[in-house]
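Contents: one structure, followed by commentary.
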Amino acid sequence: MGSEEVEQFRNNVSIKMSEPPWNYNATLASDKKGSEYSPFLHDVVYLYMLILNETVTEGSDHRNGTLVFNKAKGKTFRGITGNVQVDSNGDREPDYWIWDMTDSGSRFEVVLEAQMTSSETQKIRVVKTIQWRTEDGQPPTDSPKCGFFGELCPTVTRGSLTYIIAGVVVVLVAVVGLGVGLFMYRRARYERQLELQLWKVEYEDIKVTKSRAFGSISQLSLNTIASINVSSGRLSDNSAGGDQQVFCKIGMYKHTVVTIRSLSHKKATSLERQDLKDLKAVRTLPKNLIAKV
């Protein structure tokens with residue numbers, strides 16, 4: 001529905017509503033047309049008037065709804081909305097119009113008509129070529145390529161399965177390679193730390209004092225060393241029954257009091273790999289744990 005006849009009828013609705021007996025001028029004053037359903041209402045009322053006129057002319061009872069309904073079957077006339085044709089069930093045979101937006105995008109226009117009430121064999125008429133806005137410019141299919149639920153998609157083929165397996169293998173190899181590389185890196189780092197002998201104390205890092213520590217050499221532990229007065233160089237040793245002089249220097253290493261003893265060896269000291277590992281392990285122990293030991 002979109003012919004000039006329909007549009008003219010909608011304009012006449014506003015004009016007729018402003019006339020007696022309705023005298024309704026609001027629609028006409030606001031330059032509005034009649035409702036888009038008004039043409040259908042016209043055709044329904046017109047159909048009823050045809051049946052009513054026929055019933056009265058025959059002298060039948062116009063209040064008999066069954067009679068009036070049966071007389072509507074098979075009726076055909078030209079209405080505002082086009083050809084009106086009622087089938088054997090009392091339903092109107094529909095006509096369809098397909099609308100498409102113009103290139104400017106400002107309005108819709110009829111591009112195809114399906115006149116089911118036409119007596120002609122060809123009931124579908126193309127009014128204007130439709131400009132499909134799809135990628136290929138063709139009408140869209142009735143259903144998606146794989147169906148609405150993917151039921152039409154092909155199953156996994158042997159070739160795609162091969163690609164999946166190859167991808168999984170590549171990922172596993174990459175993970176294993178990363179793990180091996182990380183293990184080798186940590187091992188090389190550990191060996192490097194053993195070679196650097198980070199547990200060694202450089203003599204230059206010790207601040208040597210001019211004092212001497214006194215006491216039994218067997219009592220020189222971390223607990224007794226912490227009680228040394230660096231300025232006086234005295235160590236209280238009651239367990240030995242008196243003070244015995246021990247010839248060792250006192251120094252400070254990283255805020256810790258230490259004793260320094262000079263050892264004379266004719267042969268060079270050689271440390272095995274296990275010795276280096278033990279010394280490195282001792283270096284990483286907490287200070288409070290070393291004090292307890």
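Every number here is computed from the coordinates shown, using simple stated rules; none is lab data. This structure is a prediction, so every number in the text was calculated from the model and none was measured. No Cβ is skipped: glycine too gets one built from the backbone with ideal geometry, and neighbour counts run over all protein chains shown.
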Q: Go through Gly59, Val13, Gly105 and say which Cα lies farthest out towards the positive end of the charge dipole of the range 1-153; charges sit on Cβ, +1 for Lys and Arg, -1 for Asp and Glu.
A: Gly59
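Filter the cross-link list Lys73/Lys123; Lys16/Lys128; Lys200/Lys249 down to pairs whose alpha-carbon distance in this structure exceeds 27 Å. Write out the running numbers ahead of the final one.
Numbers: Lys73/Lys123 22 Å; Lys16/Lys128 34 Å; Lys200/Lys249 19 Å.
Result: Lys16/Lys128 exceed 27 Å.
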Q | Inter-label distance for Val175 and Glu151, nm, one decimal - labels placed 7 Å from Cα along Cα-to-Cβ | A | 3.7 nm
**Q.** FRET E, pair Lys128, Asn23, Förster distance 30 Å, beta-carbon r, rounded to 0.05
**A.** 0.10
Q: Quote to one decimal, in nm, the extra length available between Tyr96 and Ala114 on full extension: 0.36 nm per residue of separation minus the C-alpha distance between them.
A: 6.0 nm
Q) If r is the Cβ-Cβ distance from Arg283 to Ser143 and R0 is 51 Å, what FRET efficiency results, to the nearest 0.05? A) 0.10
(Q) For a protection proxy built on the mean count of beta-carbon atoms within 10 angstrom, sort 132-143, 16-27 highest first, please. (A) 16-27, 132-143
**Q.** Stretch gain in nm, segment Lys73-Ser3, where the contour uses 0.36 nm per residue and the Cα spacing is subtracted
**A.** 22.5 nm
